[in-house]
1. Just for segment 135-180: of the residues that are modelled with pLDDT of 85 or more and acidic (Asp, Glu), which one is least open to solvent (accessible area, probe 1.4 Å)?
2. Determine the pairs where a residue that is within 16 Å of residue 105 (Cβ to Cβ) and assigned by the TED database to the domain that holds residue 58, located within segment 3-20, has a partner that is surrounded by 15 or more Cβ atoms within 10 Å (Cβ to Cβ) and basic (Lys, Arg) with Cβ atoms under 6 Å apart, the partner being 6 or more residues away or on another chain.
3. For residues that are in a helix (DSSP H, G or I) and of a type in the set (Ser, Thr, Tyr), scanning just segment 203-232, find the one that is nearest to residue 264 (Cα to Cα).
4. Going through segment 36-75 one residue at a time, which ones are over 19 Å from residue 10 (Cα atoms) and in contact (Cβ under 8 Å) with a residue 40 or more places away in the chain?
5. Any idea which residue in segment 8-32 is most open to solvent (accessible area, probe 1.4 Å), counting only those that are under 25 Å from residue 94 (Cβ atoms) and of a type in the set (Gly, Ala, Ser)?
6. What is the one condition in (1) open to solvent by less than 10 Å² (accessible area, probe 1.4 Å); (2) modelled with pLDDT of 90 or more that residue 98 does not satisfy?
7. Would you point out the residue of segment 42-72, among those that are under 27 Å from the mean Cα position of the chain (by Cα) and open to solvent by 60 Å² or more (accessible area, probe 1.4 Å), that is farthest from residue 86 (Cα to Cα)?
8. Of these, 200, 183, 237, which one is open to solvent by 10 Å² or more (accessible area, probe 1.4 Å), of a type in the set (D, E, K, R) and within 22 Å of residue 266 (Cβ to Cβ)?
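The values are calculated or read from the model by the stated rules, or taken from the named source; none is laboratory data. Bear in mind the structure is a predicted one, so any value in this text is a computation, not a measurement. Glycine also receives a Cβ, built like all others from the backbone with ideal geometry; neighbour counts cover every protein chain displayed. Accessible surface areas use protein heavy atoms only, side chains included; no ligands, DNA or RNA. Shrake-Rupley method; radii C 1.70, N 1.55, O 1.52, S 1.80 Å.
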Amino acid sequence: MSTKDYADRISQTILDQEAAIGAEWLAQLEALLVRSNAAAREQLRSHCNQFLKAFAGATRSGELENIQHRSWDEVRDLLAEISSTRAKSGSTPSETATFVFSVKQPLFSRLQEAFADDPAGLAAATWITTNLLDKLGLYTIEVFQKTKDQIIVRQQQELLELSTPVVKLWNGILALPLIGTLDSARTQVVMENILQKIVDTGAIIAIIDITGVPTVDTLVAQHLMKTIAAARLMGADCIISGIRPQIAQTIVHLGVNLEDVITKATLADAFLVALERTGAAITIKQA
């Protein structure tokens, strides 16, 4: 029997026994549902029906070795959608792959009936179907992991933006409280946020508070100087606050030149200097 003959018989078996295969498969999957409700069961039933039809159509094409072939496009698209949805909803990779692997038992039972008088044909059909389902199961895991990676990257970016808020303290005065370690990626976000805020508010003083930065090394100092230089190019001076004794000693030992940068021990001290430089302190005293 040729590969095309096997493909036709496998496809026809699925189409002829679609209702029975689908019912048995669905029962297995429903038993594994963590969040069992009417909507989840209906969605699962729809996915099972779509997969069986797409799988039967793809196998009929005779391309049984390469699931990247265009004849498997519909199957891959469906599995990609299912995997992405499950990745976003908190399912695990094994739970996602089980969607494909669990169809083996009901499908093999029907193949046994279809090839009852042909043991050699049954062995070949079972082997072909097993390989196909294994490849499709692994494909769901790949898509699942890619989606998870994308979610993680997006969340990291959102956390970076949330961890670098630029606050308007007064007319012309901004504050950027930094908490945690500064690295190249975070420094870029810091620089973009503060420059955009300078443009939006027309600020002339930006206070960078490093009270929450645990350590200052050469790299952190370089990042700070780059941010200060960029702010100056936008017409705003920077004041660094939160200089603790340990950080002061570290900066001296590193030989970092902060002579042309105003530094203060606390944010309050830096804010007072900023008010004086903008003339707001005089206005407040007069009021």
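1. Restricting to residues being modelled with pLDDT of 85 or more and acidic (Asp, Glu), the top hit is 149.
2. Pairs that qualify, where the first residue is within 16 Å of residue 105 (Cβ to Cβ) and assigned by the TED database to the domain that holds residue 58 and the partner is surrounded by 15 or more Cβ atoms within 10 Å (Cβ to Cβ) and basic (Lys, Arg), are 13/110; 17/110.
3. The selected residue is 227.
4. Selection gives 47 alone.
5. Across segment 8-32, the extreme among qualifying residues is 31.
6. (1) is the only condition that residue 98 fails.
7. Per the stated criteria, the residue is 68.
8. Of the residues listed, the single one that is open to solvent by 10 Å² or more (accessible area, probe 1.4 Å), of a type in the set (D, E, K, R) and within 22 Å of residue 266 (Cβ to Cβ) is 237.
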